[in-house]
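Every read-out reported here was derived from the displayed coordinates using simple, explicitly stated rules and does not represent laboratory data. On a predicted model such as this, the values are computed, not experimentally measured, just so you know. Because the Cβ atoms are built from the backbone with ideal geometry, glycine has one as well, and the counts that use them run over all protein chains shown.
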Amino acid sequence: MGNSLKMAGLALAGSILGLLAAAPSHAAESAQRVADFQLTDQHYVGRRLYKMDDDKAVVLVSYAAGDARFKADAPALAALKAAYGGKGVEFLIVDPRLGDTRAKLAADATAAGLNIPVLFDYEQLVGENLGLTKSAEILVLNPKGWGVAFRGPLDSASARRALDGLVAGQPVSLRPEAARGEAIAYPQKTEAKWAEISYAHDVAPIVQAKCVVCHQPGGLGPMQLTTYEQIKGFSPMIREVLQTHRMPPFQPDVTVGHWAPNEGLSSDQLKTLVHWIEAGSPRGAGEDPLAKVSFHAPPWKLGTPDVVLALPKVDVPATGVLPYQNPVVASGLAEGRWMRASEFLVTDKKVLHHVTTTLSSPGENGVMIRQEAAAGGVGGQGPGREVNRVPKDMGVWVPANADIHMQTHYTPYGKPTTEATQLGLYFYPKGQEPKYPMRTYGVYGTGITIPAGEEFHPEVAYADIPKDMLVYGLTAHAHVRGGSTSVSILYPDGHEEMVLAVPRYDFNWQCEFYLEKPIMVPAGSRIINRWTYDNSTRNHGNPDPKKDIVFGEQTTDEMLTFFIHYRWIGETVAKPHGDYDQLMARGQLMGALDSNMDGKLEPSELRGTVGARLKANFAALDKNHDGFLDADELAAATVRGPNLVRPKQTAEAGARPVASN
C-alpha cells in the first residue's frame with residue numbers, strides 16, 4: 001500500500017543556523033563558510049557534513065572519473081589519510097561531474113587503493129556551492145564554524161600545514177592555491193532557465209504539487225506554505241532541508257528504482273527551488289497562483305470512507321513506557337468485501353506511534369479463525385503516514401463479520417493526552433472484485449546485535465523465493481538507530497540487482513515504496529535486505545550510545561524488519577496460492593539469522609533471543625555433526641519444538657504497511 005507523504009516537517013531544531021551564508025564562486029577565499037549538505041556514497045550510504053562537527057577537521061577532495069591528475073595524486077591522498085585519519089580528521093571525496101557512474105568510480109578507487117567514501121553530487125548543487133571546477137582539489141574544513149582553512153592541489157604542503165593546525169586546535173586560514181585536475185563543467189548553471197526562474201510559473205507549481213498537501217491548514221506540516229510571503233520567509237530553511245535531503249521525506253536514491261507514486265522532487269524541481277532561493281527568492285511578475293486557492297486539508301484524505309470504525313480511547317500519561325495494546329474491533333460487515341484502501345484518522349499524532357492489523361473471521365463452527373500472517377490486514381498507521389492504497393487490480397478480502405485485531409503503540413511525550421483514532425475502510429463497489437489478492441511477507445532479522453558507539457554497523461536478512469513471484473512494493477523498517485537500507489534480488493543465475501536504496505532512513509517518516517512496474521522474481525531467487533545502523537553519539541536521536549542493542553519491540557530497542565508486497569505468478573482471487581506462502585515461511589528463521597548468507601547456521605551466527613535458544617541446543621539439533629544447522633535440521637527443530645526456536649509472533653508479523661514501533 002502506498003503512502004501519502006509529501007513535503008513536511010521543515011521545522012527542524014537548529015537547522016536554520018547559518019543558512020543565509022551564500023557559498024561563493026570558485027574565487028572562494030579562505031573565509032568561505034560551507035553550508036550543510038548530504039550526499040550518497042558509493043555504497044548508497046548517506047553522509048551528512050554537519051554530523052561530523054565532532055571532528056578536528058574534514059577533508060573534501062573533488063573527483064572526476066578517469067582524471068589523470070587525480071590518479072597521480074592518489075598516493076598523496078592515501079598518505080594524508082594514513083597520517084591524519086586517526087587524529088580526528090574525516091576524509092570524503094565529492095564527485096560532481098555529470099555522467100560519472102559507480103561502476104567507473106569503483107574501478108578507479110580499487111586501482112588507486114583508496115578506501116574513502118565517494119559522494120555523488122547528482123544535481124551538481126554541492127559542487128556549485130563549493131566552487132569545485134577542477135578535479136583533484138582539496139578543501140580542508142574547520143568543523144568549528146565550517147570555514148575553509150585551505151583549498152588547493154592535493155599534493156600541496158599547505159594541506160598538511162592546515163591539518164596540523166586544526167588537529168592542534170589552532171585557527172587556520174591559509175591562502176588558496178590553484179588546483180590542477182581535469183575541468184568539471186556545470187552546463188546547467190549557465191543555462192538561461194536557471195537565471196530566469198519565475199516564482200509564478202516555476203516555483204509555485206512545485207510547491208503546490210509537492211509541499212502544500214502537508215503545509216496547509218489541517219496538514220501534517222508544522223507551518224503553512226500557501227503564499228509567496230510564507231515561502232519567502234522560510235526560504236533559507238527550505239534550501240537547507242533540500243540540500244540535506246531531509247525533505248521531501250520520500251527517501252529512495254534517485255538512481256535506483258522507479259516508484260509510483262514518486263513523492264520526491266525530480267532533479268529539475270530540486271535545482272529550480274535551490275537556484276531560485278540562492279537568487280534571493282525573487283517575487284517576479286505575475287499573480288501568486290497559491291494565493292488564489294483556499295487550502296485546507298480534509299479530515300479524510302481519500303474522501304468519506306465506506307466504513308468508519310472507532311478504536312478504543314486510550315488515556316496516555318505524560319511519561320513512562322506503555323506496553324503494546326491489542327484491541328479488537330468488529331468490522332460490522334454483513335457480507336465480505338474487497339478492500340481497495342484504508343486510512344487512519346489520528347487525533348494526537350505525537351502520541352500514537354503505530355497501528356498494525358490482522359483479521360479473523362467465523363469458521364464453519366462459528367469460532368473465529370485468525371488469518372495467516374502473509375494474508376495481510378487492512379493496513380496500518382506509522383510515523384508520517386496514515387493512508388494505505390492497494391495497487392491497481394489488487395485487493396484485500398475482508399470476510400463477513402470479521403474482527404480486526406490491532407496492535408497499537410503509544411509513546412508519551414511530556415503531557416497527558418487521550419487518543420481516539422478512527423479507521424476508515426474503502427471497498428470496491430458491490431459486484432466488483434479485483435483480479436489479484438494482495439500478499440505481504442515479513443522478514444525479521446531477529447539476530448541483529450549493534451555494538452555501542454558504532455556509526456556504520458552492517459546487518460542483513462533475506463527471504464528465499466520458492467515459486468515465481470511478482471513484487472509490487474517494498475517496506476523496510478528499523479528504529480531510531482536505522483541509518484541506511486537497501487534491497488536487492490539475487491537471481492538463480494548468480495547476478496544481483498539492487499531494486500531499492502534508502503541512503504538516509506528516517507524513523508519519523510516510515511515510507512512504503514511501490515514500484516512503477518512490478519518486478520518478476522523467479523523461483524530460486526533471494527530477496528536481500530541490508531542495513532547500516534548508527535549507534536554512535538553522532539546520532540542525536542540515539543537513546544544510549546554506550547549500550548549494545550539487539551532486536552526488540554520498544555523504540556529504545558532496534559529492529560530489522562522488511563516486507564515484500566507481492567502475488568504469486570498464476571494466482572487470481574478465484575485461485576489463490578496460499579500454500580506457496582507456507583513454503584516460503586519454512587525459510588524465515590534461516591533468513592533471519594544467516595548473516596553470511598551461505599544457507600546454513602554456524603554457532604557464531606546464533607545471536608539474539610532466538611539464536612541463543614538454538615545455540616543452547618546446538619549439539620542435539622546438529623544431526624550430521626558437521627558444525628552447522630542446515631535448512632532441514634532447522635525445519636525439523638522448528639516442527640519439534642516451536643517454542644524453542646520460533647521467534648515471537650505478534651500482530652506486526654501480518655501487517656502490510658509498517659512493522660513496528
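Suppose a student asked you for the relative contact order of the chain, using Cα pairs under 8 Å spaced at least 6 residues apart; what percent would you report?
Values: 1523 pairs, mean separation 94.6, N = 661.
That works out to 14 percent.
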Options (1) 26.4, 86; (2) 29.6, 98; (3) 35.2, 118 are given for Rg and Dmax of the Cα atoms in Å, and the computed one is (1)
Can you work out the FRET efficiency for the pair T304 and K144, with r the C-beta to C-beta distance and R0 = 35 Å, to the nearest 0.05?
0.05
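What number, rounded to the nearest 500 deg cm²/dmol, is the helix-based mean residue ellipticity at 222 nm of the chain, given -39500 (n - 2.57) per DSSP H run of at least four residues and division by all its residues? It would help to have the intermediate numbers written out before the result.
Working: 15 runs with 124 residues, N = 661.
That calculation yields -5000 deg cm²/dmol at 222 nm.
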Cleavage-rule hits (GluC sites (Glu not before Pro)) in segment 216-296: DSSP loop, at most 14 neighbouring Cβ within 10 angstrom
E287
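Past 20 Å, Cα to Cα: identify those pairs from K189/K232; K87/K546; K232/K350; K313/K415; K87/K134; K350/K415, in the order given. Kindly include the intermediate steps, with their values, before the conclusion.
Details: K189/K232 22 Å; K87/K546 22 Å; K232/K350 28 Å; K313/K415 17 Å; K87/K134 28 Å; K350/K415 11 Å.
Checking Cα-Cα distances, K189/K232; K87/K546; K232/K350; K87/K134 exceed 20 Å.
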Taking square-rooted eigenvalues a ≥ b ≥ c of the alpha carbon gyration tensor, is segment 142-283 rounded, prolate or oblate, where a/c under 1.5 means rounded and, failing that, a/b exceeding b/c means prolate?
prolate
Proximal lysines to K392, defined as alpha-carbon separation beneath 18 angstrom and excluding residues fewer than eight positions away on the same chain
K430, K435, K517
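Between beta-carbons, use under 12 Å as the cut-off and find the net charge around G431, counting Lys and Arg +1, Asp and Glu -1. Show your work: numbers first, answer last.
Values: positive: R337, K430; negative: E335, E433.
Computed value for this residue: 0.
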Under a 5 Å amide H to amide H cut-off, with H placed in plane at 1.01 Å, what residues pair with R439 once short-range neighbours are removed?
Y566
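Remind me, what semi-axes does segment 367-482 give for its equivalent ellipsoid, largest first in whole Å, using sqrt of 5 times each Cα gyration tensor eigenvalue?
On the way: eigenvalues 184, 113, 38 Å².
The three semi-axes for segment 367-482 are 30, 24, 14 Å.
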Can you tell me the relative contact order of segment 365-493? Whole percent, Cα pairs under 8 Å, sequence separation 6 or more.
28 percent
Taking only the alpha-carbon positions of segment 568-640 and ignoring solvent, what does the Debye formula give for the base-10 log of I(q)/I(0) at q = 0.28 Å⁻¹?
-1.37
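What is the dipole size for the chain, taken about its Cα centre, with +1 at each Lys and Arg Cβ and -1 at each Asp and Glu Cβ, in debye to the nearest 20? Mind showing how you got there, number by number?
Numbers: 64 positive and 73 negative charges, 172 e Å.
Its charge dipole is roughly 820 debye.
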In segment 256-326, the trypsin sites (Lys or Arg not before Pro) that sit in a DSSP loop and have at most 16 other Cβ atoms within 10 Å of their own Cβ are R283, K292, K301, K313
Trypsin sites (Lys or Arg not before Pro) within segment 395-466, DSSP loop, no more than 15 other Cβ atoms inside 10 Å:
K430, K435
Whole-Hz Karplus ³J(HN,Hα) for segment 557-570, in order, using 6.51 cos²θ - 1.76 cosθ + 1.60 and θ = phi - 60°, x for Gly and Pro?
8, 9, 9, 10, 10, 9, 10, 10, 9, 7, 9, 7, 4, x
